[in-house]
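Visitor: Quick one: this structure, given as structure tokens, is what I'll be asking you about.
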Amino acid sequence: MALSRTRQKELKKLKRSAEELWEQQRDALDHASYVLREASRQASALAREEVAPRIADVYTDRVQPAVATGIAGARTAGSAVKDKVVGDVLPALSGAVGSAIAVIEAVRDPRVREVVRSAAKSGGKVVSKVPASSPKGGIGVGGFILIGLGVVAVAGVAYAAWQTLRADEDLWIEDLADVGSIDVGDDAEDEF
């Protein structure tokens with residue numbers, strides 16, 4: 001297909017304009033790439049010089065004291081719980097277990113069984129010899145003794161439970177101003 005000269009000139013002019021535009025676009029992209037690299041370098045320098053020290057200061061001023069306070073409180077509470085368990089709960093439990101074992105051993109003893117059998121037999125004989133016409137005036141001395149022993153046993157259990165569960169002054173955590181001076185790393189041997 002044959003084009004006229006005017007058309008060919010216009011096409012060449014259009015082609016040159018497109019090539020010039022392409023070169024301008026390349027320069028603009030190169031310049032944008034340079035600006036982006038420079039902005040990235042400046043942002044990393046700003047983060048290193050301004051942001052990192054502020055984060056370190058916040059960590060040192062706020063996070064470390066809060067963690068130290070929490071650790072000191074946990075250690076104090078753990079120590080108090082350990083003291084309560086070792087000083088109050090374990091002796092009470094061992095005493096109760098020891099008493100239960102002693103009662104079981106006493107019941108297993110053939111001599112004790114024989115005494116209980118003979119008491120039951122003689123108690124039955126005494127009861128059968130009491131005349132049925134005499135009205136009983138109430139519980140006797142044995143009943144009062146048994147009631148007294150029951151009251152003493154209940155009071156002992158209640159006192160042991162109260163001693164075990166009562167609040168103690170050692171459980172209070174020190175003031176926060178005093179806790180901030182605690183060095184958390186040196187107390188590794190205090191763990192239970």
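The values are calculated or read from the model by the stated rules, or taken from the named source; none is laboratory data. In this text, all values refer to a predicted model and were calculated from it rather than measured experimentally. No Cβ is skipped: glycine too gets one built from the backbone with ideal geometry, and neighbour counts run over all protein chains shown. In case anyone asks, the SASA skips ligands and DNA or RNA and just uses the protein heavy atoms, side chains included. Shrake-Rupley method; radii C 1.70, N 1.55, O 1.52, S 1.80 Å.
Visitor: Determine the share of the range 1-65's accessible area contributed by carbon and sulfur atoms, expressed in whole percent, with a 1.4 angstrom probe.
Guide: Carbon-and-sulfur percentage of accessible area, whole number: 57.
Visitor: Continuing with this model, one more query. Going by a ≥ b ≥ c, the root eigenvalues of the Cα gyration tensor, does the range 1-116 fall in the rounded group (a/c under 1.5), the prolate group (a/b larger than b/c) or the oblate group?
Guide: It is oblate, given that a/c is not under 1.5 and a/b is not larger than b/c.
Visitor: Leu3: accessible area at probe 1.4 Å, nearest 10 Å²?
Guide: The accessible area of Leu3 comes to roughly 80 Å².
Visitor: Please list 3J(HN,Hα) in residue order for the range 54-68, calculated via the Karplus relation 6.51 cos²θ - 1.76 cosθ + 1.60 where θ = phi - 60°; whole Hz, with x for glycine and proline.
Guide: Using θ = phi - 60°, the values come out as 5, 5, 4, 5, 4, 4, 5, 7, 10, 6, 4, x, 5, 5, 4 Hz.
Visitor: Between Val152 and Leu90, what FRET efficiency follows from the Cβ-Cβ distance if R0 is 35 Å, with the result rounded to 0.05? Show your work: numbers first, answer last.
Guide: Numbers: r = 23 Å, r/R0 = 0.67.
According to the calculation, E is roughly 0.90.
Visitor: From the square roots a ≥ b ≥ c of the eigenvalues of the alpha-carbon gyration tensor of the range 1-43, which class results: rounded (a/c under 1.5), prolate (a/b over b/c), or oblate?
Guide: Verdict is prolate for the range 1-43.
Visitor: Where in the range 1-36 does the amide nitrogen come within less than 12 Å of the point 7 Å from the Cα of Ala43, taken along Cα to Cβ?
Guide: Under 12 Å, as judged by backbone N against the label point of Ala43, lie 36 of the range 1-36.
Visitor: If you don't mind, another one. Once phi is turned into θ = phi - 60°, what whole-Hz ³J(HN,Hα) does the Karplus curve with 6.51, -1.76 and 1.60 give for every residue of the range 95-105, x standing for Gly and Pro?
Guide: For the range 95-105, the Karplus curve yields x, 5, 5, x, 5, 5, 5, 5, 5, 4, 5 Hz.
Visitor: Rounded to the nearest 0.05, what FRET efficiency do Leu29 and Arg54 give with R0 = 30 Å and r taken as the Cβ-Cβ distance? Could you check?
Guide: In this case the efficiency is close to 0.25.
Visitor: Leaving ligands, DNA and RNA out of it, work out the accessible area of Ile145 with a 1.4 Å probe and give it in Å² to the nearest 10.
Guide: 100 Å²
Visitor: Could you tell me the accessible area of Lys13 in Å² (1.4 Å probe, neighbours in place), rounded to the nearest ten?
Guide: Answer for Lys13: close to 130 Å² accessible.
Visitor: Between Leu3 and Ala119, what length in nm is gained on full extension when 0.36 nm per residue of separation is reduced by their alpha carbon distance?
Guide: So the extension gain works out to 27.6 nm.
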